[in-house]
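Visitor: Quick one: the structure is below, questions incoming.
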Amino acid sequence: MDKINFNKIEKKWQKKWKDSKIFEVKEDRKKEKFYVLEMFPYPSASGLHMGHALNYTLGDILARFKRMQGFNVLYPMGYDALGLPAENAAIKEGTHPEKYTKNSMKNFMNQQSLLGLSYDWSRLINTSDSGYYQWDQWIFLKMLEKGIAYRKKSSVNWCPECKTVLANEQVQNGKCWRHPDTEIEVKPLEQWFLKITDYAEELLDKLEGLDWPQRTKAMQKNWIGKSYGTEILFEINEEKWPIFTTRPDTIYGVTFMVVSAQHQRLMELVTKEQKKEVEKFLQKLKSVSAKNAVDLEKEGVFTGSYAINPLTNEKVPVYAGNFVVADYGSGMVMAVPAHDQRDFDFAKKYKIEIKKVIVPKGMTSAEASGKITNDGAYTGLGKLINSEKFNGLENEKAKEEITKYLEHRSVYPKVRNTGAKKLGRKVVQFKLRDWLISRQRYWGTPIPIVYCEKCGIVPIPEKDLPIKLPKNVEFGKGNPLETNEKWIKIKCPKCDGDARRETDTMDTFVNSSWYFLRYCDPNNKKKIFDMQKVKDWMPIDQYIGGAEHACMHLIYCRFYTKFLRDLGLLNFDEPIKKLFHQGMLHGDDGEKMSKSKGNILNPLDTIANYSTDSLRLALMSFASPDSDSNWDEKVLIGSHKFLKKIADYFENVKIKNINNIKFESKLNKIIKEVTSQIGNFKYNLAIIKLRDLFNSLPNEVSQKVLEKSLKLLHVFCPHITEELWEKIDNKNFISLSKWPEVDESKIDERFEKQEQFVEKLVGDIQHVIKLLDKKIKNVFVYVLPNEKNIYVENLDLISKRIGTKLKIYAVNDKEKYDPENKSKKVKPGRPGIYLK
RNA sequence: GCGGGGGUGCUGGAGUGGCCAAACAGGCAGGACUUAAGAUCCUGUAGCUUAGUGCUUACGCAGGUUCGAAUCCUGUCCCUCGCACCA
C-alpha cells in the first residue's frame with residue numbers, strides 16, 4: 001500500500017540540493033537581503049535532539065519562505081566548538097577535545113542535512129579553528145588597546161566542578177549555570193575582564209528599539225539594573241567614605257552603617273579591640289556557600305569604628321554584615337531600620353536604635369511610632385519627621401531636596417580638608433558588572449598575553465596571531481595549559497627576555513559574540529571580515545534561539561557589536577533586529593526531555609520511521625512556535641498520514657486546463673492567510689490552512705493550482721513537494737520557485753457562504769436522521785429557486801456525506817414530491833427536508 | 001520582593017469586542033466499506049428540548065465598561081518562567 005518511499009525521496013533531494021549548491025549565496029545589490037540565523041550549537045557527541053530539530057526547522061521555513069519571496073537570503077550554520085562541555089566529554093572518553101569536537105561536528109552536519117535544512121554550507125564556521133579564534137584574539141588586543149580589556153584582582157566566582165572561574169552571568173542562584181547542584185565559591189583572584197560596563201547606558205537605551213520578546217528585553221533591563229540614587233560622604237576615622245543610597249530622604253534615620261564582609265577595605269575599619277571578633281565572624285561566613293546566603297539570617301559584627309552622619313553629626317556604629325553586596329554601589333550601606341526591612345531585622349537582632357523619619361500620610365507620628373517599631377520597617381510613601389528643616393516634606397520630594405542640599409554643602413564639620421567638594425551627589429548605579437573572561441581550562445581561545453619578568457604584562461603583537469592551542473597537554477591536573485612548559489616559555493615580544501604565556505583561555509561566550517559577523521565573510525584570511533560584506537548582510541533580520549541566553553550571549557553580542565562599531569568596523573549599533581524564542585519541546589509526559597526521565601526522542605529515529613517532512617510538519621503543528629509544547633506521537637502519525645494522502649492525490653489527480661473559480665477563490669484566500677502567518681511565525685495556523693487546502697483539492701485541476709498549492713506546502717515539507725513538483729513536469733527546483741502572489745480579485749466570499757450552506761444542510765439532514773432513529777432510504781430537499789444551483793452542484797458531495805441518495809427540488813417545482821409540505825419551511829440558506 | 005507569560009470542551013491547542021458551543025488535530029461514539037480486523041471515508045461529541053427548533057449554562061473566580069466580552073477595565077486566586085539580601 002505504501003506506494004511512496006519518503007526516505008528515498010528525501011535522500012534524493014538532499015543530494016540534489018547539495019550537488020547543485022542552490023543555497024549558496026553571494027552579495028547581490030539587486031535583491032533585498034534577508035539574514036536568518038539560528039543560534040549555533042555546541043557540537044556534542046550525542047548529536048541533535050528534538051529541540052535542535054525544532055529550532056532549525058523554524059529557521060529553515062523562514063529562510064525558504066523569504067528565498068521564494070525573492071529575497072537574497074543568508075542562512076548559514078556553524079559550530080560553537082570551543083568550551084568546557086567538549087573538554088569534559090573528551091576527558092571522559094579519554095580522547096582529545098579536538099578529535100571529540102571534530103567527530104561531533106561531522107555528526108551534527110550529517111544530521112542537519114537529514115532535516116532538509118537549506119543552509120549555505122560554504123560559510124560554515126568552526127570556532128575551534130584557529131582561523132576563527134585568531135580573531136577573538138585580535139579583538140582582545142584591540143580591547144586591550146582601548147582599555148576595554150583589563151586585568152584586575154577581585155572576588156570572583158569559582159565553580160569547583162568546572163574548575164574555573166565564571167562570569168556573573170554564568171552564576172544562577174548562587175550555582176553554576178552548567179551545574180545546577182554545584183555551589184559557587186567566591187575567591188579573590190587576578191583575572192581578565194572586559195569592560196562591558198562602559199556600554200551599560202547604551203545597552204539599556206537601545207533595548208527599546210529592538211523587535212525582541214518583551215520578557216527578554218525586561219530581563220536585560222533588569223540585569224543591567226540602572227538605578228538612580230545619591231552618593232553621600234560619611235566620615236569614618238577621619239576619612240570620607242562614599243555611601244550609595246536610593247533613599248537619601250531617610251538620612252536622618254540612620255542609626256548604624258553596614259559594610260560588606262567581603263569589602264576590599266574592610267580591615268581598615270576594624271579596630272584593634274574588635275579584630276578578633278571580626279575575624280571570627282568572617283571565618284564563620286566562609287563555611288557558608290553563596291547559595292544559602294539569601295535565606296541566611298542577617299548577621300554582623302561591630303568593627304569598632306563609627307561613622308559621622310554629615311547632616312546630623314551623629315556618630316553611628318559601623319558593622320560588618322553578611323547581607324551587603326561588596327561590589328554593588330559602595331559596598332557599604334547607611335542603615336535606616338525604621339524604613340528598610342533588612343536594616344530593621346539587623347537592628348532588632350543587635351538592639352540598635354530604630355529612628356523613624358517618615359510617617360504615612362494622615363497618620364500622626366505617635367500612631368506611626370507604634371506601627372513602625374512593631375510591624376517592621378515602613379517602606380511606603382509619607383512625610384518626613386525628625387528631619388530638622390526637611391520635616392513635613394513628601395519623602396519623594398525630600399530625596400531631591402536633601403540631595404541638592406548635600407551637593408551644595410562643601411563644609412564637612414570638624415574635619416580637615418580631604419579634597420572633597422561636596423557632601424553628596426546624584427549618581428547612577430548599574431547592577432551590570434564587567435565580564436570576567438578568564439577560564440582556567442584548555443578548550444578555549446588562548447589569551448594573547450605574556451608575562452615578562454621585566455616588562456610585566458605584554459600583549460602578543462597582531463602579526464604573531466593566531467596563538468594556537470598546543471595539542472600536547474595533560475588533563476585532570478588543574479589548568480591543562482600549565483602542563484606544557486615548552487609552550488608556556490616564550491621570549492618577551494618587547495625585550496626578548498624570559499617570559500611566560502598566559503595559560504588561561506577565554507570564556508566560550510567570546511566566540512559567539514561576533515560569529516554572525518564572520519558568516520558574512522567566513523574565509524577571510526587577512527581581516528576579521530570585509531567591511532563592505534558585513535554592511536551588505538548585517539544586521540540579522542531574524543535570529544532564532546532559546547530564551548535561556550537572554551542575559552548572556554544576547555547581551556555579550558550586543559556589547560561586541562558596539563565595541564567593533566567604535567573601532568570603526570561597523571556602521572550599525574545593534575546586531576539583531578528581530579529575535580524569536582522558540583518554545584521548549586517537552587516529552588510526551590509533559591516533563592522536560594532528559595536522559596534520566598527516559599523521555600528523550602531522537603529526531604533521526606523519527607525520520608527513519610516516518611520521514612523528515614512528517615517530522616517537520618508535526619513539530620510545527622504541536623502549538624504556536626513560541627509556546628512550550630509536549631511531544632505527541634499521534635500528531636506525528638497524523639502529519640504523516642496527511643502527507644501520504646497528498647502523495648496519493650497526486651497519483652490520481654487529473655490535470656486539465658480548467659478554471660475552477662470556486663477553488664481559485666479558496667486558494668487565493670489561503671495564499672493570503674498563509675503568507676501572513678508564516679511571516680509572523682504562526683506556522684501552526686498556516687498548517688491548518690494548508691490542510692484545508694489540500695483536503696479540498698478537486699479531482700480535476702489545472703497545473704497552476706497544483707503548483708501554487710505545492711509551493712505553499714514546500715517551506716514546511718521541502719522534499720515531498722520537490723518530488724511532486726517534478727512529477728507534474730517541472731524541471732527546476734521548487735526551492736527556487738517564486739512564492740505565489742495573491743490575486744485578490746479571485747477571492748469571492750460568496751463561495752465560502754455557499755460552502756457553509758452545504759455544510760448546514762448536511763448537518764441538518766444528519767440531525768433529523770438521528771432524531772427519527774430509523775433507516776432512511778430517500779432524502780428530499782426543497783430549496784429556493786435562486787439557490788438551487790448551489791445544492792445541485794454539490795449533489796454528489798452531499799449524498800456522499802449523508803450516505804443516502806437525495807433529490808433536490810426548487811420550491812416552485814410543480815412536480816416535486818412533498819407529502820408533508822416541508823417546502824413551506826424553506827428560508828434563504830435553509831432548505832426544507834423530507835426524509836423517508 | 002521585582003519583572004515577564006499564562007489559566008478556554010475529554011486532550012493538545014485556536015480565538016483577543018459581535019459571524020463562538022469554539023478553527024485544526026487527537027480521543028471517544030455511531031455509520032459506510034470489509035468474512036473480520038486494520039486502513040480509508042462519512043457523521044456526531046456542554047445540558048435540556050426539537051423533524052432540521054428553541055432555551056440554558058460555559059472560556060480560573062468576583063465585579064465593572066458596553067447595545068454586545070473568552071476578548072477591554074478593576075480586584076482576586078492559582079500556575080509558570082526569569083532576577084533577587086542591589087541599599
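The values are calculated or read from the model by the stated rules, or taken from the named source; none is laboratory data. This is a predicted model, so every value here is computed, not measured. Methodologically, a virtual Cβ is constructed for each residue, glycine included, from the backbone with ideal geometry; neighbour enumeration extends over all protein chains shown. When the accessible area is computed, the model is the full protein with side chains, heavy atoms only, and any ligands, DNA or RNA have been set aside. Shrake-Rupley method; radii C 1.70, N 1.55, O 1.52, S 1.80 Å.
Visitor: Collect the residues in the range A:13-23 that are in a loop (DSSP other than H, G, I, E, B) and either loosely packed, with under 12 Cβ neighbours inside 10 Å or among the β-branched types (Val, Ile, Thr) (or both), keeping them in residue-number order.
Guide: The answer is A:LYS21, A:ILE22.
Visitor: Which residue pairs have Cβ atoms under 8 Å apart, sit 6 or more places apart or on different chains, and have a first residue in the range A:669-692 that is at positive phi and a second that is more than 9 Å from RNA strand B (Cβ to nearest atom)?
Guide: From the range A:669-692, the pairs are A:PHE681/A:LEU58; A:PHE681/A:LEU62; A:PHE681/A:PHE580.
Visitor: A further question follows. Please determine whether any residue of the range A:594-608 is within 14 Å of RNA strand B (Cβ to nearest atom), outside any helix (DSSP H, G or I) and farther than 20 Å from A:GLU722 by Cβ.
Guide: yes
Visitor: Looking only at the range A:640-667, count every residue that is closer than 22 Å to A:ILE720 by Cα, open to solvent by less than 30 Å² (accessible area, probe 1.4 Å) and more than 8 Å from RNA strand B (Cβ to nearest atom) and tell me the total.
Guide: Qualifying residue count for the region: 7.
Visitor: Could we say that A:PHE650 is in contact with a Phe, Trp or Tyr (Cβ under 8 Å, 6 or more places away or on another chain) and farther than 25 Å from A:PHE580 by Cβ here?
Guide: no
Visitor: Kindly list, by first and then second residue, each pair from a residue in the range A:306-324 that is under 21 Å from A:LYS272 (Cβ atoms) to a residue that is open to solvent by 30 Å² or more (accessible area, probe 1.4 Å) and within 16 Å of RNA strand B (Cβ to nearest atom), limited to pairs with Cβ atoms under 8 Å and residues at least 6 apart or on different chains.
Guide: A:TYR319/A:TYR350; A:ALA320/A:HIS263; A:ALA320/A:LEU282; A:GLY321/A:LYS298; A:GLY321/A:GLU299
Visitor: Starting from residues that are touching a helix residue (DSSP H, G or I) at 6+ places or on another chain (Cβ under 6 Å) and within 11 Å of RNA strand B (Cβ to nearest atom), keep the ones in the range A:545-593 and report whichever is nearest to A:ASP530 (Cα to Cα).
Guide: My answer is A:MET552.
Visitor: Another question, if that's okay. Quick one: which of A:MET332, A:MET257 is within 10 Å of RNA strand B (Cβ to nearest atom) and modelled with pLDDT of 90 or more?
Guide: Numbers: A:MET257 fails: within 10 Å of RNA strand B (Cβ to nearest atom).
From the options A:MET332, A:MET257, the qualifying one is A:MET332.
Visitor: Under 6 Å by Cβ, and 6 or more places apart or on different chains, what pairs join a residue from the range A:745-769 that is under 17 Å from A:ASN660 (Cβ atoms) with one that is aliphatic (A, V, I, L, M)?
Guide: A:GLN754/A:ILE790
Visitor: Okay, next question. Run A:LEU761 past the list (1) surrounded by fewer than 20 Cβ atoms within 10 Å (Cβ to Cβ); (2) modelled with pLDDT under 95 and report the number of the one that doesn't hold.
Guide: (1)
Visitor: Still on this model: Looking only at residues that are more than 12 Å from A:LYS788 (Cβ to Cβ) and open to solvent by less than 50 Å² (accessible area, probe 1.4 Å) in the range A:804-824, which one is farthest from RNA strand B (Cβ to nearest atom)?
Guide: Restricting to residues being more than 12 Å from A:LYS788 (Cβ to Cβ) and open to solvent by less than 50 Å² (accessible area, probe 1.4 Å), the top hit is A:LEU806.
Visitor: Looking at A:LYS463, A:LYS533, A:LYS454, A:LYS486, which is the one that is in a loop (DSSP other than H, G, I, E, B), at negative phi and surrounded by fewer than 22 Cβ atoms within 10 Å (Cβ to Cβ)?
Guide: On inspection, the qualifying residue turns out to be A:LYS454.
Visitor: Among residues belonging to the range A:62-108 that are among the β-branched types (Val, Ile, Thr) and open to solvent by 20 Å² or more (accessible area, probe 1.4 Å), point out the one that is modelled with the highest pLDDT.
Guide: It comes out as A:THR95.
Visitor: Restricting attention to the range A:341-359, which residues are at pLDDT below 90 and part of a loop (DSSP other than H, G, I, E, B)?
Guide: Result: A:LYS356, single match.
Visitor: Please verify whether A:TYR791 is over 30 Å from A:THR612 (Cβ atoms), more than 10 Å from RNA strand B (Cβ to nearest atom), modelled with pLDDT of 80 or more and of a type in the set (Ser, Thr, Tyr), treating the condition exactly as stated.
Guide: The answer is yes for A:TYR791.
Visitor: Given the conditions (1) in contact (Cβ under 8 Å) with a residue 60 or more places away in the chain; (2) within 13 Å of RNA strand B (Cβ to nearest atom); (3) touching a helix residue (DSSP H, G or I) at 6+ places or on another chain (Cβ under 8 Å), which single one is not true for A:LYS217?
Guide: A:LYS217 satisfies all of (1) in contact (Cβ under 8 Å) with a residue 60 or more places away in the chain; (2) within 13 Å of RNA strand B (Cβ to nearest atom); (3) touching a helix residue (DSSP H, G or I) at 6+ places or on another chain (Cβ under 8 Å) except (1).
Visitor: For A:PRO740, work out the one condition from (1) more than 9 Å from RNA strand B (Cβ to nearest atom); (2) crowded, with 17+ Cβ neighbours inside 10 Å; (3) more than 30 Å from A:ARG64 (Cβ to Cβ) it doesn't fulfil.
Guide: (3)
Visitor: Output the residues belonging to the range A:503-530 that are part of a loop (DSSP other than H, G, I, E, B), open to solvent by 10 Å² or more (accessible area, probe 1.4 Å) and over 14 Å from A:GLY131 (Cβ atoms). Write out each step before concluding.
Guide: As a first pass, look at the range A:503-530 and keep what is part of a loop (DSSP other than H, G, I, E, B): A:503-504, A:507, A:514, A:519-530.
Subsequent filtering for residues that are open to solvent by 10 Å² or more (accessible area, probe 1.4 Å) retains A:503-504, A:521-527, A:530.
A:THR503, A:ASP504, A:ASP530 - these are the residues of the range A:503-530 that are part of a loop (DSSP other than H, G, I, E, B), open to solvent by 10 Å² or more (accessible area, probe 1.4 Å) and over 14 Å from A:GLY131 (Cβ atoms).
Visitor: Let me ask something else about it. Any residue at all in the range A:50-57 that's under 21 Å from A:ARG518 (Cα atoms) and surrounded by 22 or more Cβ atoms within 10 Å (Cβ to Cβ)?
Guide: yes
Visitor: Related question: Name the pairs: first residue in the range A:566-577 and open to solvent by 40 Å² or more (accessible area, probe 1.4 Å), second residue charged (D, E, K, R) and in a loop (DSSP other than H, G, I, E, B), Cβ to Cβ under 9 Å, at least 6 apart or on different chains?
Guide: A:ASP566/A:LYS146; A:LEU567/A:LYS146; A:LYS577/A:ASP541
Visitor: Being touching a residue at least 60 places away in the same chain (Cβ under 8 Å), in a helix (DSSP H, G or I) and open to solvent by 30 Å² or more (accessible area, probe 1.4 Å) is the filter here; which residues of the range A:609-638 pass it?
Guide: Of everything in the range A:609-638, just one residue is touching a residue at least 60 places away in the same chain (Cβ under 8 Å), in a helix (DSSP H, G or I) and open to solvent by 30 Å² or more (accessible area, probe 1.4 Å), namely A:SER621.
Visitor: State whether one or more residues within the range A:490-511 are of a type in the set (Gly, Ala, Ser), more than 21 Å from A:LYS146 (Cα to Cα) and in contact with a helix residue (DSSP H, G or I) (Cβ under 8 Å, 6 or more places away or on another chain).
Guide: So far as the range A:490-511 goes, no, none of its residues is of a type in the set (Gly, Ala, Ser), more than 21 Å from A:LYS146 (Cα to Cα) and in contact with a helix residue (DSSP H, G or I) (Cβ under 8 Å, 6 or more places away or on another chain).
Visitor: Oh, and also: Given the options A:GLY590, A:GLY545, name the one that is buried (at least 18 other Cβ atoms within 10 Å of the Cβ), touching a residue at least 12 places away in the same chain (Cβ under 8 Å), closer than 19 Å to A:SER629 by Cβ and not aliphatic (A, V, I, L, M).
Guide: Working: A:GLY590 fails: buried (at least 18 other Cβ atoms within 10 Å of the Cβ).
One residue alone meets the criteria, A:GLY545.
Visitor: Let me ask something else about it. In the range A:7-27, how many residues are among the hydrophobic types (A, V, I, L, M, F, W, C) and over 17 Å from A:HIS714 (Cα atoms)?
Guide: 1
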